[in-house]
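A.B. asks: What follows is a single structure, and I will ask about it in a moment.
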Amino acid sequence: MRGFGVESSDSEIYERHRSDLIRYATVLVGRSEAEDVVSAVVLRVLSKRRLADLDEPRSYLFRSVLNEVRSRARRRSEPPSIDPQIATSDWGFGPDVRAAVASLPVRQRSATYLFYWLELSVGETAELMGVRPGTIKRYLKRSRDRLREVLGG
């Protein structure tokens with residue numbers, strides 16, 4: 001790991017973050033596309049630089065996954081179909097809550113997942129998404145408002 005006096009190989013870095021990246025992508029695009037998104041991101045990064053050369057590979061990869069999802073959404077006429085049962089089955093909530101979270105716009109869903117389910121701070125969530133903390137607070141407020149509306153308070 002950089003910054004700790006220990007160099008990691010690209011494969012070690014990838015293996016360390018792979019499952020988190022796939023879970024994150026699953027929440028954003030569903031299980032059927034998650035591995036494709038992560039693979040596309042890693043291949044694109046490795047075509048330009050080594051993961052070991054990045055100061056914060058985890059943050060860089062999370063931001064890249066979000067950007068890849070947003071890029072794919074722009075190329076489509078409709079958002080990906082996400083099975084809320086699969087995408088959020090490990091969250092321990094009923095199908096109504098899972099469906100409501102799956103219906104959020106991708107950035108709000110991303111912030112909600114990182115903040116509430118991974119229990120990251122606003123600052124850590126902002127770093128992973130590549131935005132300012134105030135933006136995360138806005139996404140979280142909008143997602144709470146939307147979930148309150150959909151779930152009836």
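The values are calculated or read from the model by the stated rules, or taken from the named source; none is laboratory data. The structure presented is a predicted model; accordingly, all values stated were derived computationally and were not measured. In this analysis, Cβ positions are derived from the backbone assuming ideal geometry, glycine residues included, and neighbour counts consider all displayed protein chains.
A.B. asks: Quick check on my filter: what residues within the stretch 113-153 are in contact (Cβ under 8 Å) with a residue 60 or more places away in the chain and charged (D, E, K, R)?
C.D. replies: Listed by number, the list holds a single entry, GLU127.
A.B. asks: Residues of the stretch 7-62 being on the phi < 0 side of the Ramachandran plot, in contact with a Pro (Cβ under 9 Å, 6 or more places away or on another chain) and among the small types (Gly, Ala, Ser), which ones?
C.D. replies: Scanning the stretch 7-62 gives SER8, SER32.
A.B. asks: While we're here: ARG58 is checked against (1) modelled with pLDDT of 90 or more; (2) of a type outside the set (S, T, N, Q); (3) not assigned by TED's automatic domain parsing to the domain that holds GLU12 and fails just one. What number does that condition carry?
C.D. replies: (3)
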